[in-house]
Amino acid sequence: MTDLAERRDLDQVYQPAEDTRLLAETAAECVGDGDRVLDVGTGSGYVASVAEDSGADVVGADINPLACQEARENGVPVVQANLTDPFRNRSFDVVLFNPPYLPTPPADERNDWMEYALSGGEDGRAVIEPFIDGVGRVLASGGEVLLLVSTLTDPDAVVDFAADYGFDATEIASEKHAFERLLVLRLQRSTDG
Amino acid sequence: MREDLMDIICCPLDKHELDLEVIRRDDDEIMEGRLVCTECGEEYPIEDGIPNLLPPDMREESPA
């Protein structure tokens, strides 16, 4: 592969940024030895690698084939997938997701992989909501979700949406940036007690 | 992909189990092959060591 081609591929895969690092640090604190972990939208595989360093058994998933290749090169077992669709019921103790969350007017939507990695549709929650809808199925009993959200995405709306799907959401980490505050929500099934 | 992934993956459409057909194996990884749903018969490719478990209608959507 030429340097130029490699550069082009990197431009099509979301590289670790502030949001990635906040989720990775939080995951490192929450994930334990032997936990089965799924990192949705793994991108370069950074969060998955950090979780693996904490002793977890980690699989990454991404819709973007170039991200899958890059995560695999970074040593992350990876599946090309839409969210949690191809994973078995009750397979994971922890599911991690740094979703595309930037609110994006339809007129500004580009049709490339970086857009997939960034754009959360008009309200920023176009990918978060189907994720919450599907994630309960793959969580083991007592399992939890760590979801990164931004104040741009209306975290209260995410918390309310999660409640409709039977999850209690708690903020467990947060970091202030110039135009937004990033936070990590922990979602646990209300019935798990 | 490592073969132990078979324990956690399923057909994205109907969530049934998949059969693994290996075309090429490299050390402990399956590099090329197919995953076939035991219920609906849908086939999912494994290429360059990566299983593509997107539903068929999303496989064609690639913008890049």
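The values are calculated or read from the model by the stated rules, or taken from the named source; none is laboratory data. Computed from a predicted structure; not experimentally measured. Cβ atoms come from the backbone with ideal geometry, glycine included; neighbour counts cover every protein chain shown. Note: areas computed on protein heavy atoms with side chains; ligands, DNA, RNA excluded. Shrake-Rupley method; radii C 1.70, N 1.55, O 1.52, S 1.80 Å.
Taken over segment A:83-101, residues that are within 12 Å of chain B (Cβ to nearest Cβ), open to solvent by less than 10 Å² (accessible area, probe 1.4 Å) and either within 22 Å of residue B:59 (Cα to Cα) or at pLDDT below 95 (or both) amount to 3. The single condition among (1) part of a strand (DSSP E or B); (2) touching a residue at least 24 places away in the same chain (Cβ under 8 Å); (3) on the phi < 0 side of the Ramachandran plot that residue A:162 does not meet is (1). Go through (1) crowded, with 16+ Cβ neighbours inside 10 Å; (2) free of Cβ contacts under 8 Å to residues at least 60 places away in the same chain for residue A:138 and report which single condition fails. For residue A:138, the failing item is (2). Could you say whether any residue in segment B:42-60 is free of Cβ contacts under 8 Å to residues at least 12 places away in the same chain, open to solvent by 40 Å² or more (accessible area, probe 1.4 Å) and under 10 Å from the mean Cα position of the chain (by Cα)? Within segment B:42-60 (the criterion being free of Cβ contacts under 8 Å to residues at least 12 places away in the same chain, open to solvent by 40 Å² or more (accessible area, probe 1.4 Å) and under 10 Å from the mean Cα position of the chain (by Cα)), the answer is yes, since at least one residue qualifies. Taking helices (runs of 4 or more DSSP H) as the structural unit, those lying wholly within segment A:28-140 and holding at least 1 residues that are touching a Phe, Trp or Tyr at 6+ places or on another chain (Cβ under 7 Å) and either of a type outside the set (D, E, K, R) or farther than 17 Å from residue A:188 by Cα (or both) correspond to A:65-73, A:113-118, A:128-138. Residue B:34 meets all of the listed conditions (1) open to solvent by 40 Å² or more (accessible area, probe 1.4 Å); (2) under 20 Å from residue A:78 (Cβ atoms); (3) at pLDDT below 95 but one, namely (3). Scanning segment A:133-147 for residues that are among the β-branched types (Val, Ile, Thr) and touching a Ser or Thr at 6+ places or on another chain (Cβ under 9 Å) returns A:135, A:138.
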